[in-house]
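Enquirer: Next up is a structure, given as structure tokens.
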Amino acid sequence: MWSELAADARLSSRLRWPDQDSSLRRALIWLRSRGLLVLALQRMSHRYMQRRAQHGWTLGLILTRLLLALTRMPIMMVTKCDVGETVDIAPGVYLSDCGFLILGMARIGSGTLIHERVTVGPRAGDAGKPVIGANVWIGPDCIIYGDLGDGATVLPGSVVSIGVPSAAVAAGNPATIIRRQFDNAALRRTLARDIDSGSLAPG
């Protein structure tokens, strides 16, 4: 869990201070990043669930459960986020500090950036939860029900009920694929959120 949180802090620090990332900044970022606080709570909850499934109730797990019970609601209120305990989050993920995230997917891959006011989960009646691949960029104000392949990009304000293939760009309500074979690496190196769909359409 600690190595995963360290990877989250490295990514968050690089996004804020691209040319001045340092160990000191990565340590100090924990004092100001609500997104990292959400990730820490989720990773602790996820680890607790895994250990309880493996070992049953132990004194250490009972104490962990009490700690989680005391901290979960205050953290949710401060960060305005709710990330499911069962979500499997790979190391090195960014969650917006601006909050309003409701995340109930099955998995999030490493290198993924999720901006504010995003909801991800299954549609009513669906059996499976969406899977978010690695290196995905999700803009603000999105609702996502479908799977997102590695390197997918979801533009702000999109409602995604379809699966988005790897390296594709989805936009609109309902979302459609507006571009394929798009490299979102430049987007994932900054905290820019206002992306114009016209600028990403094939030329």
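Enquirer: Out of Gly121, Gly146, Gly128, I need the residue that is of a type in the set (Gly, Ala, Ser) and farther than 16 Å from Gly84 by Cα. Which one?
Expert: When all the criteria are applied, what remains is Gly146.
Enquirer: Looking only at residues in region 189-203 that are of a type in the set (A, V, I, L, M, F, W, C) and at pLDDT below 75, which one is surrounded by the most Cβ atoms within 10 Å (Cβ to Cβ)?
Expert: In this case the residue turns out to be Leu200.
Enquirer: While we're here: Answer yes if at least one residue in region 76-88 is at positive phi and of a type in the set (D, E, K, R), and no otherwise.
Expert: Within region 76-88, one or more residues are at positive phi and of a type in the set (D, E, K, R).
Enquirer: Here's something else I'd like to know. Under the condition of being closer than 14 Å to Val136 by Cα and either among the small types (Gly, Ala, Ser) or surrounded by 15 or more Cβ atoms within 10 Å (Cβ to Cβ) (or both), which residue from region 172-188 is farthest from the chain's Cα centre (by Cα)?
Expert: Phe182
Enquirer: Restricting attention to region 11-26, which residues are among the hydrophobic types (A, V, I, L, M, F, W, C) and more than 22 Å from Ala90 (Cβ to Cβ)?
Expert: Trp17, Leu24
Enquirer: Quick one: is Thr86 among the hydroxyl-bearing types (Ser, Thr, Tyr) and under 21 Å from Val118 (Cβ atoms)? Break it down stepwise before answering.
Expert: On the way: among the hydroxyl-bearing types (Ser, Thr, Tyr): yes; under 21 Å from Val118 (Cβ atoms): yes.
It is true that Thr86 is among the hydroxyl-bearing types (Ser, Thr, Tyr) and under 21 Å from Val118 (Cβ atoms).
Enquirer: In region 128-138, how many residues are out of contact with any Asp or Glu (no Cβ under 7 Å at 6 or more places or on another chain) and not in a loop (DSSP other than H, G, I, E, B)?
Expert: 3
Enquirer: Could you say which residue among Val136, Val120, Val164 is within 13 Å of the chain's Cα centre (by Cα) and over 16 Å from Arg193 (Cβ atoms)?
Expert: When all the criteria are applied, what remains is Val120.
Enquirer: Which count do you get for residues in region 67-81 that are under 17 Å from Ile144 (Cα atoms) and surrounded by fewer than 17 Cβ atoms within 10 Å (Cβ to Cβ)? Steps first, answer last, please.
Expert: The initial filter retains those residues of region 67-81 that are under 17 Å from Ile144 (Cα atoms), namely 81.
Next cut, surrounded by fewer than 17 Cβ atoms within 10 Å (Cβ to Cβ) only: none.
Of the residues in that region, 0 qualify.
The rows are residues; the columns are (1) free of Cβ contacts under 8 Å to residues at least 12 places away in the same chain; (2) surrounded by 20 or more Cβ atoms within 10 Å (Cβ to Cβ); (3) farther than 15 Å from Leu11 by Cα; (4) out of contact with any helix residue (DSSP H, G or I) (no Cβ under 6 Å at 6 or more places or on another chain).
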{"position": "Leu28", "(1), (2), (3), (4)": "yes, no, no, yes"}
{"position": "Met44", "(1), (2), (3), (4)": "no, no, yes, yes"}
{"position": "Gln54", "(1), (2), (3), (4)": "yes, no, yes, yes"}
{"position": "Gly60", "(1), (2), (3), (4)": "yes, no, yes, yes"}
{"position": "Arg65", "(1), (2), (3), (4)": "no, no, yes, yes"}
{"position": "Leu95", "(1), (2), (3), (4)": "no, yes, no, no"}
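Enquirer: Take the residues of region 10-25 that are touching a helix residue (DSSP H, G or I) at 6+ places or on another chain (Cβ under 7 Å) and surrounded by 19 or more Cβ atoms within 10 Å (Cβ to Cβ): which is farthest from Leu187 (Cα to Cα)?
Expert: Filtering first and then ranking leaves Ser13.
Enquirer: Let me ask another. Looking at region 139-176 only, could you name the residues that are outside any loop (DSSP other than H, G, I, E, B) and in contact with a strand residue (DSSP E or B) (Cβ under 6 Å, 6 or more places away or on another chain)?
Expert: Matches in region 139-176: Ile143, Ile144, Leu148, Thr153, Val154, Val159, Val160, Val164, Val169, Ala170, Ala171, Ala175.
The values are calculated or read from the model by the stated rules, or taken from the named source; none is laboratory data. Not measured: the values here are computed from a predicted model. A quick note on method: Cβ atoms are made from the backbone with ideal geometry, for glycine too, and the neighbour counts reach across all protein chains shown.
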